[in-house]
Structure formats: structure tokens, C-alpha cells
Amino acid sequence: MRALTGADVHAWHGCVDVTGDVPPEPRGSDLAILSADERTRCQRFVRPADRVRFAMTHAAQRRVLARYLEIDPAEIQFGRTPCCECGSVQHGPPRIDRPVTDITVNLSGSGDHWLLAITRARPVGADIEVPRDIDTGQLARACLTPQEQQDLGRQPGAARQQMFFYRCWTRKEAVLKACGIGLPGSMRGLEAVPGRISPVEVRHCCQAGPDRWLVQDLTGMPGPAQAPAWLGAVAQPAGGAGAVWFCEAGVLSG
């Protein structure tokens with residue numbers, strides 16, 4: 001595993017395979033390393049597949065982080081940094097409370113895929129989305145700037161419009177998650193410069209951090225329909241930004 005040095009960001013991607021015969025409950029080996037709060041959240045899901053997916057994703061996060069922290073995955077304790085806008089710890093950026101470390105993380109999941117961004121002593125945000133059939137026009141009015149909405153309408157065909165929308169979404173969400181603001185309403189005031197190839201500099205004033213963010217796009221291999229299996233983005237402060245190293249955790253079977 002590459003050492004986490006300087007301002008570098010490690011972006012770990014993994015896939016949870018819950019197709020086929022899904023066990024009625026998560027594996028005991030996964031539940032054993034989750035916190036009491038994570039197990040409670042896991043049991044709130046009604047569908048067995050969602051419980052299995054949640055447990056496997058959060059257990060995978062712990063196993064990856066344990067390699068950096070050099071402790072048992074079950075010993076990691078998570079908390080939250082207060083939101084830079086409202087001060088709430090309900091949706092503020094995640095933090096590692098134990099062990100004492102300068103490592104910062106951000107986790108995102110969509111469908112069977114997850115993306116974990118890891119760096120040191122700086123805020124970091126990650127977002128991953130599995131494309132699905134959505135009404136981009138309706139969502140665009142709530143999430144995109146007026147200029148982005150115009151650019152979306154100029155995309156030739158529904159497939160191009162969908163990819164354009166998801167690229168806007170993942171870039172915006174990665175920045176907002178780095179600040180701990182995960183509200184769609186906040187997206188309309190954030191210009192994601194989707195016409196530019198990443199890494200791109202995105203401006204967003206964060207009261208507890210920088211106002212300039214460097215966003216790196218990540219894209220999964222094409223699926224059966226020749227469309228990307230997933231689209232993602234990682235955001236870090238633009239000042240002194242480091243390299244983003246992509247790390248593949250592989251497919252975890254339920």
C-alpha cells in the first residue's frame with residue numbers, strides 16, 4: 001500500500017456484490033467490527049440487501065483505515081466535526097476520534113459502489129453516483145446554476161445530458177461534503193465548471209475552511225450499456241493540493 005504522505009489523497013473504490021442469493025442478515029464478521037451506532041443504523045433498513053450493503057461498506061471502510069492507523073478495525077471511533085454553516089454535528093464532516101491522528105476521511109456510497117477519500121490534516125470530500133434513469137431537467141432546476149442548466153440543455157441526447165448532470169452533481173457534492181453541507185439547496189450557488197476537464201478549481205466559501213477547492217473526477221469502467229458503471233469526485237483545498245491516487249479495493253461478496 002502506498003504511504004499517505006504530504007498533501008496526497010488516497011481515493012479507495014470498492015464494490016459490494018449483493019446480487020443473487022442475499023443472506024437475510026449481514027455477516028457476523030462485519031457486524032463485529034462496527035460500532036453500536038453503526039449496527040443500529042444498519043438494522044433500520046427494511047430490505048435485507050440494504051442491511052448487508054450497509055454493513056459490508058462500513059466494515060470495508062474500517063478495514064482500509066485500520067491499515068493506515070495500524071490498529072484493529074473495531075477500535076476505530078468516529079465522530080463529526082460541526083457543520084461550518086449551522087454548527088450541527090448531525091451532518092458535519094466525519095472525523096476519527098480514536099486513535100488520535102491527523103488522518104481525515106470522507107465516505108460516499110451509491111448502489112453497490114463506495115468511495116473513500118483519505119488524506120492528512122485537511123478537509124476532504126468524496127462523492128460517488130451510479131447512473132440511473134432520472135429526470136435531469138427537474139433535478140437541474142433544484143441543483144444546477146442557471147448557466148449549468150443552459151449548458152445541460154445543449155448536450156446532444158439523453159445519455160450525454162445524464163452524464164453532464166452527474167458530473168455536475170458529484171463535483172458539487174464532493175465540495176459540500178468536505179464542508180459537511182450535504183443539502184441539495186446549497187448546490188445552486190456552486191459552479192462546478194462542468195465544461196472543463198478535471199482537476200478543476202471550484203469556488204465555495206467555507207466558513208471553517210478555504211474558499212477554493214480542487215476537484216478531481218473519477219470514473220468507473222463502462223458497464224454492459226457502455227456507460228460508466230459509476231462517476232465520482234474528490235475535493236480538497238486548492239492551496240497546496242496534493243496528488244489523488246486511485247486505489248481499488250475490489251469486489252466484496254455478500
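A few notes on this one:
- Between Q207, Q155, the distinction of being of a type in the set (S, T, N, Q), over 26 Å from R122 (Cβ atoms) and either out of contact with any helix residue (DSSP H, G or I) (no Cβ under 9 Å at 6 or more places or on another chain) or in a loop (DSSP other than H, G, I, E, B) (or both) belongs to Q155 only.
- Test: residue in the range 126-136 that is of a type in the set (G, A, S), part of a strand (DSSP E or B) and touching a Leu at 6+ places or on another chain (Cβ under 7 Å): yes
- Residues that are surrounded by fewer than 17 Cβ atoms within 10 Å (Cβ to Cβ) and within 15 Å of P237 (Cα to Cα), drawn from the range 152-204: E201, R203
- Evaluating T119 against the criteria (1) at pLDDT 95 or above; (2) assigned to a helix (DSSP H, G or I); (3) of a type outside the set (F, W, Y) leaves one unmet condition, (2).
- Only one entry of D30, D37 meets the criterion of being modelled with pLDDT of 90 or more, in contact with a helix residue (DSSP H, G or I) (Cβ under 8 Å, 6 or more places away or on another chain), closer than 24 Å to Q77 by Cβ and of a type in the set (D, E), and that entry is D30.
- Residue check for C42: part of a loop (DSSP other than H, G, I, E, B) and buried (at least 17 other Cβ atoms within 10 Å of the Cβ): no
- Among the residues making up the range 130-140, a single one is of a type outside the set (A, V, I, L, M), at pLDDT 85 or above and surrounded by 11 or more Cβ atoms within 10 Å (Cβ to Cβ): P131.
- From the options R141, R160, residue that is farther than 25 Å from L107 by Cβ, touching a helix residue (DSSP H, G or I) at 6+ places or on another chain (Cβ under 8 Å), part of a helix (DSSP H, G or I) and not aromatic (F, W, Y): R141
- Filter pass, V64 being in contact with a strand residue (DSSP E or B) (Cβ under 6 Å, 6 or more places away or on another chain) and closer than 21 Å to R95 by Cα: yes
The values are calculated or read from the model by the stated rules, or taken from the named source; none is laboratory data. None of the values given here were measured: they were computed from a predicted structure. Cβ sites come from the backbone with ideal geometry, for glycine too, and all protein chains shown count toward neighbours.
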